[in-house]
Amino acid sequence: MRILIIEDEIGISNFLKQGLEEECFAVDVAQDGNKGLEMALSNEYDILLLDWMLPGISGIEICRQFRKENIKTPIIFLTAKDTLDETIFGLQTGANDYIKKPFHFEELLERIRVQLRTKSGEQHLFTLGNITLDINSHQVFKNEEEIQLTQKEFALLEYLIRNKGKVCRRSRIIESVWDIHFDYNTGVIDVYVNSLRKKLDFKENEEYIQTVRGIGYIAKEK
């Protein structure tokens with residue numbers, strides 16, 4: 001899952017980036033409005049965290065332009081603007097939620113999860129054959145037995161399962177799971193896929209993660 005933070009206070013953006021990455025999100029940061037809008041319109045994100053007062057164009061204008069493009073990505077305002085009128089105005093502009101600074105990270109995390117559940121139709125359990133992945137608890141089970149995965153292994157499995165039946169190109173996997181946006185040795189993906197296959201102990205009839213030669217991987221049940 002990819003999140004874009006548009007926030008000019010470096011301390012806040014660094015704190016949010018670190019915390020969200022520890023929760024297995026891929027995180028990009030923009031520290032001015034113009035760059036933030038450019039990134040928001042040119043990349044696919046699952047959530048936008050948006051400050052109101054920014055260098056360049058304001059968060060309000062970013063929200064307006066984003067919605068003019070008919071993009072439905074959830075937007076959460078993080079702002080010191082704290083009057084009732086300002087809150088209502090921010091929501092009317094097109095934001096899905098509005099959190100006043102200062103805020104608790106745990107509250108923000110839960111609000112992000114609410115938006116993601118709403119976006120995906122409240123789904124938090126994903127299956128792949130006899131494998132179940134629980135987004136809320138960050139647990140993976142095979143035949144009801146819990147499988148211990150690292151954060152990156154969990155994030156990779158989540159990405160593949162969310163895109164079940166679709167060919168996942170290496171470039172998209174490295175962007176979404178490792179948050180790397182330039183030419184990079186994608187061999188690291190092979191290492192993690194092999195680790196997943198080993199930990200999930202796939203049998204001959206359980207080729208749930210298949211290699212698409214020269215392109216990437218696909219998660220499928222048959």
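The values are calculated or read from the model by the stated rules, or taken from the named source; none is laboratory data. The structure presented is a predicted model; accordingly, all values stated were derived computationally and were not measured. All Cβ positions, even for glycine, are placed from backbone atoms using ideal geometry, and neighbour counts span all protein chains on display.
Brief remarks on what is shown
- For F66, the requirement of being surrounded by 15 or more Cβ atoms within 10 Å (Cβ to Cβ) and at pLDDT below 90 is met.
- Applying the condition of being hydroxyl-bearing (S, T, Y) and surrounded by fewer than 19 Cβ atoms within 10 Å (Cβ to Cβ) to the stretch 190-222 and asking which residue is farthest from E146 (Cα to Cα) yields T211.
- Residue match in the stretch 52-59 (condition: part of a helix (DSSP H, G or I), touching a Ser or Thr at 6+ places or on another chain (Cβ under 9 Å) and over 27 Å from E158 (Cβ atoms)): yes
- Any hit, the stretch 21-40, residues being under 17 Å from the mean Cα position of the chain (by Cα), part of a helix (DSSP H, G or I) and at pLDDT below 90: yes
- Within the stretch 1-20, the set of residues being among the aliphatic types (A, V, I, L, M) and outside any helix (DSSP H, G or I) comprises M1, I3, L4, I5, I6.
- Selection count where residues are assigned to a loop (DSSP other than H, G, I, E, B) and more than 16 Å from R197 (Cβ to Cβ), scope the stretch 144-163: 2
- Only one of G56, G90 that is surrounded by 15 or more Cβ atoms within 10 Å (Cβ to Cβ) and modelled with pLDDT of 90 or more: G56
- Which listed residue is assigned to a helix (DSSP H, G or I) and either in the same structural domain as L160 (by TED's automatic domain parsing) or among the β-branched types (V, I, T) (or both), from T127, T73, T87: T87
- In the set (1) touching a residue at least 24 places away in the same chain (Cβ under 8 Å); (2) not in a helix (DSSP H, G or I), D82 fails one condition alone, (1).
- Residue in the stretch 94-116 that is part of a loop (DSSP other than H, G, I, E, B), touching a Lys or Arg at 6+ places or on another chain (Cβ under 6 Å) and farther than 22 Å from V191 by Cα present: yes
Quick grid of which residues meet (1) in the same structural domain as V29 (by TED's automatic domain parsing); (2) within 21 Å of N43 (Cβ to Cβ); (3) without any contact (Cβ under 8 Å) to a residue 12 or more places away in the chain:
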| residue | (1), (2), (3) |
| --- | --- |
| Q151 | no, no, no |
| L157 | no, no, no |
| K164 | no, no, no |
| R172 | no, yes, no |
| S176 | no, yes, no |
| D179 | no, yes, no |
| G187 | no, no, yes |
| F202 | no, no, yes |
